[in-house]
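The values are calculated or read from the model by the stated rules, or taken from the named source; none is laboratory data. Computed from a predicted model, the values in this text were never measured in an experiment. Cβ coordinates were reconstructed from backbone atoms using ideal geometry, including for glycine residues, and neighbour counts include every protein chain displayed.
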Amino acid sequence: MFESGNKGEASITLCLFPHLGEFVAIDTRSALPDGAAVHVMSFDDVFTDDFRGSVELGFSSLLRRDGTGLLDMMGLPQEVESLVRAESMKRIVKNLNHAAGIVSAQVESGIGVLFFARGLLSIDPDQLEAAMDDLFGRSLSDTQMNRLQNELARLISEEREAEDLVRTQEMANLIKGEPGSFVTLWQNSGES
């Protein structure tokens, strides 16, 4: 179910849920004074005024570059996405470092992301347990592994509920003719 071939490359793994304000961070860096840790974090702690200020400053510098042409401007959304991603990762690592009492902002290896959406939300508890054991069994204690599995099960359930609510709202909007994530591809204005 999970591709575990690159698991040795990530010392921090984020379990993200598209509709939730919480996520799980599994920190297995060797420099942790108390060993590996499982954290449930809030995006409110990441997307602070400091974060927004950094993104605004970065966006401003992207927008005001000299020699920017049409193609550069058309590529701006991808650059903004990269900027937001980089700033988000910096804030997450900063929060993890603070929790561990680490001063350095260095991450010895990569940050992995498990994105819990659609098909992955239908994972059964046994599959989830096996996958987490495969990915983190050597790094986490039994207590930490139990916490990880319990938090993931809770968040998966909440994400399913949130996804169902969004789907119901989208269908209601479609029936009412209100705009949403559905797009009109063609509309006849009555003129020939």
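What to note about this one:
- Any hit, the stretch 89-111, residues being outside any helix (DSSP H, G or I), touching a Leu at 6+ places or on another chain (Cβ under 7 Å) and within 22 Å of Phe43 (Cβ to Cβ): yes
- Condition met for Asp34 (of a type in the set (D, E, K, R) and either under 23 Å from Ser141 (Cβ atoms) or buried (at least 16 other Cβ atoms within 10 Å of the Cβ) (or both)): yes
- Failed condition for Pro77, given (1) surrounded by 12 or more Cβ atoms within 10 Å (Cβ to Cβ); (2) modelled with pLDDT of 85 or more: (1)
- Looking only at the stretch 130-182, residues that are assigned to a helix (DSSP H, G or I), more than 15 Å from His19 (Cα to Cα) and among the basic types (Lys, Arg) come to 2 in all.
- Close contacts from the stretch 111-127, counting a first residue that is closer than 17 Å to Glu158 by Cβ and a second that is among the hydroxyl-bearing types (Ser, Thr, Tyr) and at pLDDT 90 or above, with Cβ to Cβ under 7 Å and a gap of 6+ residues or different chains, come to Leu114/Thr13.
- Any hit, the stretch 152-161, residues being under 30 Å from Ala31 (Cα atoms), surrounded by fewer than 15 Cβ atoms within 10 Å (Cβ to Cβ) and among the aliphatic types (A, V, I, L, M): yes
- Number of residues in the stretch 96-129 that are farther than 30 Å from Arg167 by Cα and hydrophobic (A, V, I, L, M, F, W, C) equals 8.
For every residue, the table says whether it meets (1) touching a helix residue (DSSP H, G or I) at 6+ places or on another chain (Cβ under 7 Å); (2) at pLDDT below 95; (3) not small (Gly, Ala, Ser).
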position	(1), (2), (3)
Gly112	no, yes, no
Phe116	yes, yes, yes
Leu120	no, yes, yes
Asp124	no, yes, yes
Asp134	no, yes, yes
Arg138	no, yes, yes
Asp142	no, yes, yes
Glu151	no, no, yes
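- Residue pairs whose Cβ atoms lie under 7 Å apart, separated by 6 or more positions or on different chains, with the first residue in the stretch 133-159 and in contact (Cβ under 8 Å) with a residue 12 or more places away in the chain and small (Gly, Ala, Ser) and the second exposed (fewer than 13 other Cβ atoms within 10 Å of the Cβ) and part of a helix (DSSP H, G or I), are Ala153/Pro125.
- If you go through the stretch 51-85 and keep only what is of a type in the set (Asp, Glu) and either within 30 Å of Asn95 (Cα to Cα) or within 26 Å of the chain's Cα centre (by Cα) (or both), you end up with Glu56, Glu79, Glu81.
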